[in-house]
Amino acid sequence: MECFRPRLVILQCVVVFVLLIKINADAPAVPALCIFGDSIMDVGNNNNRLTTLLKANFLPYGRDFETHKPTGRFCNGKLAVDYIADYLGFGEYPPAYLDTANETLLLRGANFASAGSGYYDRTSLLNQAISLPSQLSNYEKWQNQVVELVGNETAKAIFSGGIYILSAGTSDFLQNYYINPLLRALHTPSKFSNMLLKAYSNFVQRLYSLGVRRIGVTTLPPTGCLPVAITLFGRGRNNCVVRLNKDALAFNKKLNATSQDLLKKFPDLKLVVFDIYNPLLNIITKPVENGFFESRRGCCGTGMLATAVLCNSRSTGTCSNATGYVFWDGFHTSESANRILSQDLLMQGISLVSNSII
């Protein structure tokens with residue numbers, strides 16, 4: 001079945017996909033879902049980190065979530081990966097690894113992401129986030145827990161059959177490179193990208209050595225269109241920052257090339273690069289066509305710069321209904337936008353699960 005870009009057709013494809021999963025409604029389409037990366041994916045691993053300000057465990061974050069309570073998600077409601085978990089048939093979302101004691105729940109995966117993390121370890125250090133190597137260490141601990149619960153053979157099937165999603169790089173650029181004059185003096189955007197992609201390649205190869213075979217990685221978004229980027233680097237203009245978007249596109253091209261190299265090296269690896277750039281750019285530049293009326297500012301506070309502690313219950317100007325906003329805060333998309341983006345990601349990544357639902 002071919003799925004074309006028009007929104008209606010994508011929705012039809014998602015419906016068909018979900019129906020296929022429901023044929024075997026007693027179990028999700030894959031045995032586990034594990035998440036790595038930054039604030040786009042974090043569901044609460046930063047909640048108890050005393051040294052970081054990058055937290056979202058307070059209102060108005062989470063006000064539109066199922067429980068109407070903050071969880072640590074940098075959103076008013078669900079993240080894109082939450083919707084993906086729904087589509088894949090999981091009854092529960094992968095829990096924050098550092099915030100759960102439910103070992104039975106952990107059997108179906110966990111979320112290791114940390115807001116402020118990146119491919120570049122110094123980005124994580126700067127933001128006092130959990131670095132990708134540390135996230136991998138936590139993942140290895142998770143593997144050991146699974147082995148203890150179900151035995152080695154069953155655990156291996158869970159590891160190889162599960163889906164692993166990684167989102168990183170945005171913090172490396174927006175929360176480090178672009179605001180760090182020393183880093184910019186030492187490296188061009190291209191050389192900095194090469195450093196990040198070396199770390200990405202090492203990350204994937206480490207996962208592969210641990211028995212992982214199905215990985216999805218997101219590209220950079222149109223970073224120059226994020227409200228915080230326009231506010232900080234737009235020079236007073238109310239448009240996307242072209243040079244930032246060019247850097248993102250150049251990085252994404254190299255990400256695709258690096259991923260192809262990895263596929264050649266590991267023929268049994270399923271590795272999908274999720275294009276988040278174009279779907280999000282389409283929503284931002286054509287908000288009305290996608291059901292939105294505001295794509296420049298976020299719902300929380302002024303919507304221009306607010307994120308984490310700057311987006312709080314006392315932030316003046318916070319909108320009463322975020323459904324028409326592309327962005328929830330200055331950095332992160334709203335639940336409504338995440339729902340649309342997740343549909344694109346699901347169809348792009350169907351090869352990761354296709355042989356599991358046939």
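None of the figures in this text is laboratory data; all of them are computed from the coordinates on show. Fair warning: this is a prediction, and the values are worked out from it, not measured in the lab. We place every Cβ from the backbone using ideal geometry, glycine too, and count neighbours over all the protein chains shown.
The figures follow:
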{"read-out": "R0 of 25 Å, Cβ-Cβ distance V288-S351: FRET efficiency to nearest 0.05", "value": "0.15"}
{"read-out": "In degrees, nearest ten, helix 242-265 long axis to first principal axis of the chain (Cα)", "value": "10"}
{"read-out": "Electrostatic dipole magnitude of region 212-358 [Cβ: Lys, Arg +1; Asp, Glu -1; Cα centre; debye, to 20]", "value": "380"}
{"read-out": "Surface/4 of the Cα convex hull for region 7-357, nm²", "value": "16.7"}
{"read-out": "The chain - mean residue ellipticity at 222 nm from DSSP helices (-39,500 (n - 2.57) per run, n ≥ 4, rounded to 500)", "value": "-13000 deg cm²/dmol"}
{"read-out": "Signed unit charges on C-beta, dipole axis of the chain, positive-most listed residue G298, I350, A185", "value": "A185"}
{"read-out": "Alpha-carbon centroids, region 61-111 and region 316-335: separation in whole Å", "value": "20"}
{"read-out": "Extension gain from R206 to N239, taking 0.36 nm per residue of separation minus the Cα-Cα distance", "value": "7.9 nm"}
{"read-out": "Nonlocal amide H pairs with I215, under 5 Å, H built at 1.01 Å", "value": "Y164, K270, L271, V272"}
{"read-out": "Sites K265 and T323, calculated FRET efficiency, Cβ-Cβ separation with R0 51 Å, nearest 0.05", "value": "0.70"}
{"read-out": "Ordering of 192-205, 165-178 by packing [mean C-beta count within 10 Å, highest first]", "value": "165-178, 192-205"}
{"read-out": "Contact order normalised by residue count of the chain, Cα under 8 Å, 6+ apart, percent", "value": "19"}
{"read-out": "Formal net charge of residues neighbouring A248 (Cβ-Cβ distance under 13 Å; K, R +1; D, E -1)", "value": "+1"}
{"read-out": "Extension gain from H68 to L186, taking 0.36 nm per residue of separation minus the Cα-Cα distance", "value": "37.9 nm"}
{"read-out": "Modelled FRET efficiency - R0 51 Å, K253 with T104, Cβ distances, 0.05 increments", "value": "0.75"}
